[in-house]
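Quick notes on the structure that follows.
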Amino acid sequence: MSEPTLTETAVPIRDRDRDRDRGPAHPALRAAAMLAALAGTVAFSVVLARLTLEPSPASEALTYSNVHPGQSIRAYLDHGTVREAARQLGGNLLLGVPFGVLLPVLVPQARGLARVAVSTMVVMTLVELVQGALVTGRAFDVDDVILNTAGALLGYLLIGRRLGRAVHPRRHHWWHRFTRRSPAG
């Protein structure tokens, strides 16, 4: 018996297209996923509000706004303890992860790396602006927005992309007409 050649073991193009164009999950599963994502979003919103919008009068003298990307990240790495840097930087990264996981499930139009990034930047910039303007002992920090966005992208790449595709059908854009192969070819 001879060994199979590369062309015999490769997945035919039609099979790859069929796997890629697989439809969404069963309607009951989709509904359960949407409900779970909605509950997760509510829980995340409560946590986000508690972490970012609670006053901190003891910190009022220590707060300053940062509009220079990288400035507070550098300050934590250069002048803080390892524990404090990990808490601040890691916490801001983790705070963004739910956006990357929940957004593609709740808003199918927001699927995609750039859309998740822009949506997260907009929401987190608004949170930072409200925090800096209205909450005692808190200030606007552009590095928090950057870290939150990086966390959202991480969440999207690890879980959100697959979860969004499992719950919602794949979008077909106008340019797909030109990239599709015929069933006979």
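The values are calculated or read from the model by the stated rules, or taken from the named source; none is laboratory data. From a predicted model like this one, the values you see are computed outputs, not experimental measurements. Glycine gets a Cβ as well: all are built from the backbone with ideal geometry, and neighbour counts include every protein chain shown. Surface accessibility is based on the protein's heavy atoms, side chains included, excluding ligands, DNA and RNA. Shrake-Rupley method; radii C 1.70, N 1.55, O 1.52, S 1.80 Å.
Quick notes on this structure:
- Every pair of residues 6+ apart whose Cβ atoms lie under 9 Å, when the first sits in the range 107-130 and is within 12 Å of N148 (Cβ to Cβ) while the second is open to solvent by 50 Å² or more (accessible area, probe 1.4 Å) and assigned to a loop (DSSP other than H, G, I, E, B): S119/V107; V127/L53; E128/R138
- Leading residue by the ranking (most open to solvent (accessible area, probe 1.4 Å)) among those in the range 77-90 that are in a helix (DSSP H, G or I) and more than 18 Å from V145 (Cα to Cα): R83
- Among the candidates L93, L102, the residue that is assigned to a helix (DSSP H, G or I), open to solvent by 40 Å² or more (accessible area, probe 1.4 Å) and aliphatic (A, V, I, L, M) is uniquely L93.
- Test result for V142, touching a Ser or Thr at 6+ places or on another chain (Cβ under 9 Å) and either closer than 23 Å to T41 by Cβ or open to solvent by 60 Å² or more (accessible area, probe 1.4 Å) (or both): no
- So V122, is it surrounded by 19 or more Cβ atoms within 10 Å (Cβ to Cβ) and part of a helix (DSSP H, G or I): no
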